[in-house]
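In what follows, a structure is listed as structure tokens, so that the remarks can point back to it.
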Amino acid sequence: MIETFAALLFAHVLADFVFQTNWIAENKLRPHVLLLHGVIVLVTAAAATGRIDVWQLGVLALVHIAIDWAKGSFAPEGLKGFVADQSAHLLSIAILAVFVPSLFAGGLWAGITFLPALMTLAAGAVLVTRAGGFAIGLLMQPWSHVELPKGLMNGGKLIGLLERGLIFLLVLVGQPVGIGFLIAAKSVLRFETTSNDQRAGEYVIIGTLASFGWALLFSYATVWLMAALPPLSVTDMSGSH
């Protein structure tokens, strides 16, 4: 069951955060765009599980479409809508994994024992970095009018991406103490901004803490899920050739 969940989670992350363009996200309530997104969901799920012979993946794609339509039609704007949408998707994946636990085991990739852990690693990296960027951006939306010192174009977004990526790496290699040094370094670099303008300082502090919190949550969730799967090792990879 856990291998099936890992594969479907990987497929979902690809469909929602890698292959979903801004145009798809902005026009998803249009029937043909929503259908296109559903096809992407189905294709990624089939590719991740190595199955094209099970009708349940079609049902998963339809459920995904229904959730996205409901979000666009009824869900609140901002972070609450994002979290509700993603929670519903994760719940649908978990339900399918429970009711069809052998989905991955009966697929084309069943003999590649390290693959579910590799999929989990990749999904975790995307959730921590790219999905985290969307979530933090939505959280900070109510204060988007706050004037910050001019910097590089998209510099703040890139800094957030890099800091979450470093946290993911540090947690993965079992060195979370390094996160403290990362916090200290960012505090020093942002000292002038946070000390000269209270509003800008609070904006930076909220965004930083939220970014670190998101990264820690999904980094440890990734480690937990990988621990429940067959290990990902160099010997496994070399032995598969």
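Just so you know, all these numbers are worked out from the coordinates, no wet-lab data involved. Because the structure is a prediction, the values reported are computed rather than measured. For neighbour counting, all protein chains shown are included, and Cβ atoms are generated from backbone atoms with ideal geometry for every residue, glycine included.
Quick one: angle between helix 155-172 and the longest Cα principal axis of the chain, in degrees between 0 and 90, rounded to 10, please.
Here the helix axis deviates by roughly 60 degrees.
Rounded to whole Å and ordered largest first, report the semi-axes of the equivalent ellipsoid of segment 1-53 derived from its Cα gyration tensor (root of 5λ).
For segment 1-53, the semi-axes come out at 23, 12, 7 Å.
What residue among L118, L216, L162 shows peak mean-square fluctuation when the chain is described by a Gaussian network model with Cα springs under 10 Å?
Evaluated over the chain, the most mobile residue of the options is L162.
Pulled fully out, how much extra length does the chain show between F181 and V39, if you take 0.36 nm times their separation in residues and subtract their Cα-Cα distance?
That works out to 46.7 nm of additional length.
So if we plug the beta-carbon distance of V98 and L209 into 1/(1 + (r/R0)^6) with R0 = 35 Å, what FRET efficiency do we get, rounded to 0.05?
Once the sixth-power term is evaluated, E becomes 0.50.
Mean-square fluctuation check for the chain, GNM, Cα pairs under 10 Å: which of V100, V173, V13 is largest?
V173
Where a ≥ b ≥ c are the square roots of the eigenvalues of the C-alpha gyration tensor, would you call segment 64-176 rounded, which needs a/c under 1.5, or, failing that, prolate if a/b is larger than b/c, or oblate?
Oblate, since a/c reaches 1.5 and b/c is not below a/b.
Explain nothing, just compute: Karplus ³J(HN,Hα) = 6.51 cos²θ - 1.76 cosθ + 1.60, θ = phi - 60°, for every residue of segment 76-92 in order, whole Hz, x for Gly and Pro.
Rounded to whole hertz, the list is x, 6, x, 5, 4, x, 4, 5, 4, 4, 5, 5, 5, 5, 5, 5, 5.
Arranged by the count of other C-beta atoms within 10 angstrom, fewest first, what order do S102, S92 take?
S102, S92
Test of understanding: ordering Y220, Y203 by Cβ neighbours within 10 Å, fewest first, what list do you get?
So the ranking, lowest neighbour count to highest, is Y220, Y203.
If R0 is 22 Å, what FRET efficiency do you get for E202 and K157 from their C-beta distance, rounded to 0.05?
For E202 and K157, the calculated efficiency is 0.70.
Given 0.36 nm per residue, what is the gain on full extension from L217 to R30 after removing their alpha carbon distance, in nm?
Gain in length upon complete extension: 63.9 nm.
Would you mind telling me which residue in T113, T44, T129 has the biggest mean-square fluctuation in a Gaussian network model of the chain, where springs connect alpha carbons within a distance under 10 angstrom?
T113
Charges at C-beta only: +1 for Lys and Arg, -1 for Asp and Glu. How large is the resulting dipole of the chain about its Cα centre, in Debye rounded to 20?
180 debye
If N is the number of residues in the chain, what value comes out of its Cα radius of gyration divided by 2.2 N^0.38 Å?
Working it through for the chain, the quotient is 1.11.
For a quick size check, give me the Cα extents of segment 2-109 along its three principal axes, largest first, whole Å.
Largest first, segment 2-109 extends 39, 24, 21 Å along its Cα principal axes.
Whole-Hz Karplus ³J(HN,Hα) for segment 96-103, in order, using 6.51 cos²θ - 1.76 cosθ + 1.60 and θ = phi - 60°, x for Gly and Pro?
Along segment 96-103, the couplings run 5, 5, 6, 7, 10, x, 8, 4 Hz.
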